[in-house]
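Participant: Structure below; questions to follow.
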Amino acid sequence: MAITRKKAVFIDKDGTLIHDVPYNIDPHHIRLMEDAGHSLYRLKKAGYQLIVISNQAGIARGLFNKSDLLPVNRQIQLLLAPYAVNIDAFYYCPHGPDDGCDCRKPKQGMILRAAEDHAVELPVSWMIGDILHDVEAGNRAGCRTVLFDNGNETEWLKGDWRQPRYSVKNLTAAADIICDYERGRRAYERQVSGYH
Ligand SMILES: [Mg+2]
Ligand SMILES: [Zn+2]
């Protein structure tokens, strides 16, 4: 039998899964990226858990509480429901840039925690995000990375960990890459296990 491993697509929220409205917690202002529903459906069908990994410094800045994000989560699930998609888990870093926590991206702590909680194997998993901090967190955690290059990254601060494996202009292209990769991996595993 082919080996089944638990794998995930970690996805950034603001500017990747939904349109970025800075510090927004109002469910009415949440809009999915146009191709998010269909793209996430394809990833789910390919066997990936879908886990949101998001910095929420608005909590550290006193703009809202962690519990204010629950209606946000609910609204995202509602918007994804017509596509037969649900997010398996939401992870938020409540800290600010100067708090020195290990979870705020570009650190990898949130991804590592999510992987542990959900028994995810990182080398067969992916991180998708719209800035290089997402890429760095994904690379440091040991997953494959896709930069959703939609103009939100403006600094392009380069570094050893900040090179994305792939760069795409929309989530459809990200799903194409991940699903293609998955097909290739399955074919390879069938080959090495002698299973056809
Ligand atoms: Mg973002
Ligand atoms: Zn943190």
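Participant: Name, by its number, the condition in (1) farther than 22 Å from Asn24 by Cβ; (2) in a helix (DSSP H, G or I); (3) touching a residue at least 12 places away in the same chain (Cβ under 8 Å) that does not hold for Lys107.
Facilitator: (2)
Participant: Residues of the range 160-196 being modelled with pLDDT of 95 or more and not in a helix (DSSP H, G or I), which ones?
Facilitator: Trp161, Arg162, Gln163, Pro164, Arg165, Tyr166, Ser167, Val168, Lys169, Asn170
Participant: A follow-up question, please. Output the number of residues of the range 78-87 satisfying the condition of being buried (at least 17 other Cβ atoms within 10 Å of the Cβ) and more than 16 Å from ligand 1 (Cβ to nearest atom).
Facilitator: Qualifying residue count, the range 78-87: 3.
Participant: Away from ligand 1 (no atom under 16 Å from the Cβ), within 18 Å of Val9 (Cα to Cα) and either of a type outside the set (S, T, N, Q) or not in a helix (DSSP H, G or I) (or both) - does that describe any residue in the range 57-72?
Facilitator: no
Participant: Here is a further query. Against the conditions (1) within 14 Å of ligand 2 (Cβ to nearest atom); (2) touching a Cys at 6+ places or on another chain (Cβ under 7 Å); (3) in contact (Cβ under 8 Å) with a residue 24 or more places away in the chain, where does Gly58 fall short? Just the number, please.
Facilitator: In the conditions (1) within 14 Å of ligand 2 (Cβ to nearest atom); (2) touching a Cys at 6+ places or on another chain (Cβ under 7 Å); (3) in contact (Cβ under 8 Å) with a residue 24 or more places away in the chain, Gly58 misses (2) alone.
Participant: OK, next. Name the single residue that is least open to solvent (accessible area, probe 1.4 Å) among those in the range 17-50 being assigned to a strand (DSSP E or B) and within 15 Å of ligand 1 (Cβ to nearest atom). If you could, list the steps in order and put the result at the bottom.
Facilitator: Initial filter on the range 17-50 (assigned to a strand (DSSP E or B)): 18, 32, 48-50.
Applying the additional criterion that residues be within 15 Å of ligand 1 (Cβ to nearest atom) yields 18, 32.
Working: Ile18: 6, Leu32: 28 Å².
Within the range 17-50, the match that is least open to solvent (accessible area, probe 1.4 Å) is Ile18.
The values are calculated or read from the model by the stated rules, or taken from the named source; none is laboratory data. Please read these numbers as outputs of a predicted model, since none were measured by experiment. Positions of Cβ are generated from backbone atoms using ideal geometry, with glycine treated the same way; all protein chains shown enter the neighbour counts. Remember, those area values only see protein heavy atoms, side chains included, never the ligands or the DNA or RNA. Shrake-Rupley method; radii C 1.70, N 1.55, O 1.52, S 1.80 Å.
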